[in-house]
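Presented below is the structure to which this report refers.
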Amino acid sequence: MAGNSGRRGAVRKAGTKKGPVKGSGGKGRRALRGKGPTPKAADRPYHPAARQAQRRPPGPRKQDLDGPETIGGRGAVLEALMAAVPAVRLEVAGGLASDSRLRDILRLAADAHLPIMEAHRVELERRGPAKNQGVVLHVAPFAYASLDSVFAAADDAARPPFIVALDSVTDPHNLGAVIRSAAAFGADGVIIPTRRAAGVSGAVWKASAGAAAWLAVARVTNLVRTLVQCQDRGCTVVGLDAGGALDVSQAVDASSPVVVVVGSEGKGLSRLVRETCDVTARIPISGRTESLNASVAAAIACYEVARVRSSG
């Protein structure tokens with residue numbers, strides 16, 4: 001400002017240069033140093049996930065285990081007990097109004113020598129299935145069979161092996177219905193993949209009407225590799241497909257081992273499974289219907305295999 005040049009600092013000293021100075025003299029070195037990857041939320045003490053992890057009891061979480069399954073509701077529990085589902089214990093809320101179903105449940109549980117425990121209604125609602133009506137049945141984890149045991153069952157029956165394989169069937173009710181149909185029409189076992197597929201749970205036990213108790217169910221890591229192993233044992237692998245070249249009855253031989261492969265509910269057979277099949281077969285249906293439910297298609301195919309074998 002004019003007339004203020006006598007103020008300290010108003011006049012630049014000779015030999016000085018205005019502008020930014022290169023470098024910081026090492027003052028910002030620590031700020032520029034990398035700090036490594038961001039820790040997981042559970043590893044940060046200030047994060048809510050870390051506090052929740054501290055409150056959780058030690059050991060693996062329930063969804064990471066093939067632990068006991070639960071069936072809730074008076075109708076569902078009664079059906080499971082009538083189907084002789086292998087149960088561990090029965091829990092009943094105290095103070096329930098008794099009806100014919102509850103009396104039958106208690107009678108069947110006592111006949112099966114099941115431990116009957118009384119629990120609080122609120123506790124059952126918190127731990128058990130939703131809308132359990134105060135009755136929860138705990139089912140033992142399912143014991144899966146091996147592929148060798150499935151073929152051994154056919155050898156014991158002195159007949160060519162007949163196996164049903166499921167390609168990524170995710171609905172437990174469909175899986176239970178397939179097991180029931182396979183047992184009804186003389187199949188020696190059912191093969192399911194480990195990943196992206198339903199396993200044998202309480203809902204499957206109920207839908208199978210107890211058939212899972214006497215029919216071998218094998219759970220395999222790689223379905224394509226297992227189908228190749230079946231082919232090496234002399235089996236013809238028949239994949240159900242709406243665009244198949246033959247009817248199911250034409251693709252099955254009465255005296256040959258056979259594996260019938262049923263695709264998933266939405267996409268059907270996967271590409272690799274389809275390429276592994278020896279033949280794809282169709283089920284003739286009316287043009288008004290595009291496709292059949294997976295369990296219905298499996299039931300019809302099992303019936304056709306049984307009919308061809310009985311007539312041959």
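Among the residues of region 185-196, the ones that are over 12 Å from Val305 (Cα atoms) and in contact with a helix residue (DSSP H, G or I) (Cβ under 8 Å, 6 or more places away or on another chain) come to 6 in all.
Looking only at residues in region 262-281 that are in contact with a strand residue (DSSP E or B) (Cβ under 9 Å, 6 or more places away or on another chain) and at pLDDT below 90, the one that is surrounded by the most Cβ atoms within 10 Å (Cβ to Cβ) is Gly268. Taken over region 237-266, the criterion of being touching a Ser or Thr at 6+ places or on another chain (Cβ under 8 Å) and among the charged types (D, E, K, R) is satisfied by Asp241, Asp253, Glu265.
Inspect region 203-226 for any residue being β-branched (Val, Ile, Thr), more than 19 Å from the chain's Cα centre (by Cα), assigned to a loop (DSSP other than H, G, I, E, B) and farther than 21 Å from Ala83 by Cβ and give the result as yes or no. Checking region 203-226: not a single residue is β-branched (Val, Ile, Thr), more than 19 Å from the chain's Cα centre (by Cα), assigned to a loop (DSSP other than H, G, I, E, B) and farther than 21 Å from Ala83 by Cβ.
Residues in region 227-237 that are free of Cβ contacts under 8 Å to residues at least 24 places away in the same chain and assigned to a helix (DSSP H, G or I): Asp232 only.
The condition of being at pLDDT 90 or above and of a type in the set (S, T, N, Q) does not hold for Ser286. Among the residues of region 152-171, those that are crowded, with 21+ Cβ neighbours inside 10 Å and farther than 17 Å from Ala306 by Cα comprise Leu166, Asp167, Ser168, Val169.
Filtered by the rule that a residue be modelled with pLDDT under 85 and either at negative phi or polar (S, T, N, Q) (or both), region 76-88 gives Ala76, Glu79, Ala80, Ala83, Val85, Pro86.
To keep it simple, each residue is scored yes or no on (1) part of a loop (DSSP other than H, G, I, E, B); (2) at pLDDT 90 or above.
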site	(1), (2)
Asp104	no, yes
His113	yes, yes
Leu124	no, no
Val169	yes, yes
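Inspect all residues belonging to region 227-239 and state whether any of them is β-branched (Val, Ile, Thr), surrounded by fewer than 20 Cβ atoms within 10 Å (Cβ to Cβ) and on the phi < 0 side of the Ramachandran plot. Checked against the condition, which is being β-branched (Val, Ile, Thr), surrounded by fewer than 20 Cβ atoms within 10 Å (Cβ to Cβ) and on the phi < 0 side of the Ramachandran plot, region 227-239 yields at least one hit. The single condition from (1) farther than 23 Å from Leu272 by Cβ; (2) outside the structural domain of Leu90 (by TED's automatic domain parsing) that Thr170 fails is (1). From the list Ser149, Ser181, the one residue that fits, being in contact with a strand residue (DSSP E or B) (Cβ under 6 Å, 6 or more places away or on another chain), polar (S, T, N, Q) and either modelled with pLDDT of 95 or more or not in a strand (DSSP E or B) (or both), is Ser149. Residues in region 31-52 include none that are at pLDDT below 80, within 27 Å of Trp205 (Cβ to Cβ), under 28 Å from the mean Cα position of the chain (by Cα) and small (Gly, Ala, Ser).
Select from region 74-122 the residues that are more than 16 Å from Gly210 (Cβ to Cβ) and without any contact (Cβ under 8 Å) to a residue 12 or more places away in the chain and list them in ascending order. Answer for region 74-122, where residues must be more than 16 Å from Gly210 (Cβ to Cβ) and without any contact (Cβ under 8 Å) to a residue 12 or more places away in the chain: Ala97, Ser98, Ser100, Arg103, Arg107, Ala110, His113, Val122.
For region 131-146, filtering for residues that are of a type outside the set (Lys, Arg), in a loop (DSSP other than H, G, I, E, B) and touching a residue at least 12 places away in the same chain (Cβ under 8 Å) leaves 8.
The values are calculated or read from the model by the stated rules, or taken from the named source; none is laboratory data. Here the structure is a predicted model, which is why all the values come from computation and not from measurement. Ideal geometry is used to build each Cβ from the backbone, glycine not excepted, and the neighbour counts take in all protein chains shown.
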